[in-house]
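Just so it is clear, none of the values below were taken in a lab; they were calculated from the coordinates. All of these numbers come straight from a predicted model, not from anything done at the bench. Don't worry about glycine lacking a Cβ; one is built from the backbone with ideal geometry, like all the others, and counts go over all protein chains shown.
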Amino acid sequence: MPRFRSFRSQPSASQTNEPPFTSFFERQKFREERDRSRRRIIVASIVVHVLVFGTLAVMSAFNVDELYSTNVTVGVASTAEDETGIIVSGDSKGRKPRIPRTNAEAVTGLHLRVTPAGVNAISVPVLPHSVGPAAARYLQSLQLNALSPVLRFPEKLGGNSLRATLTLRLAIGEDGKVVESTIKPPCPDDRLCEALLSDVTRLGPLNPHDGSLGKPWHVSVPVEFSSQR
């Protein structure tokens, strides 16, 4: 018996949503231009995604919840999301102006963790910031030489499973005197916040600063409390 080769018909122009062509070369040219347009759309989409995620990365260097007057809930037995980087005062209609604060952890790359066994300084990524080397050294000294020796894990909470991060806010005068100390709300546990503020009262005199970042200089220092040694 004679054999017949199976043959698949090519889709017509109506099936491919292509206009009618007078020649094979005209069709090829149309398809090449269509493919180039698709590649341009893909490249543009990639560029947009890179710009969006790049913007989000830059915004992570700013205290967004301070800027927009929203608070991040902090729970005991969980690590809090805290402010980062240098934030900008937000003078928007109907909102209270926000105080610019320098986040010590974002500048120095050191995260303070307080456990029943003592205080550890853990290395974390340094975020983009506009603080000079002298100010960065000042903040590192504040964390390691001033705060670390006075921080204690609260004995009354020693029996509980606890992991929480508080953001300590300090206003430091040019003479090195701490003129104000507060905890960024919300406070996960009153006993924990009271213990941290009590520790701050034992701070010795801090080094003076030039006032270029504020008079007083408002600094925030994330401090993690963990019952795990």
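Apply the a/c threshold of 1.5 to the C-alpha gyration tensor of region 97-229 and tell me whether it is rounded, prolate or oblate.
Values: a/c = 1.80, a/b = 1.58, b/c = 1.14.
In terms of gyration-tensor shape, prolate.
Kindly write out, for region 98-109 in residue order, the coupling ³J(HN,Hα) from the Karplus curve 6.51 cos²θ - 1.76 cosθ + 1.60 (θ = phi - 60°), rounded to whole Hz, with x marking Gly and Pro.
Each residue of region 98-109 in turn: 9, 8, x, 10, 9, 8, 4, 4, 5, 7, 8, x Hz.
Using a 10 Å cut-off on Cβ atoms, rank the peptides 46-52, 182-188, 161-167 from the highest mean neighbour count down.
Ranked from most to least packed, the peptides come out as 161-167, 182-188, 46-52.
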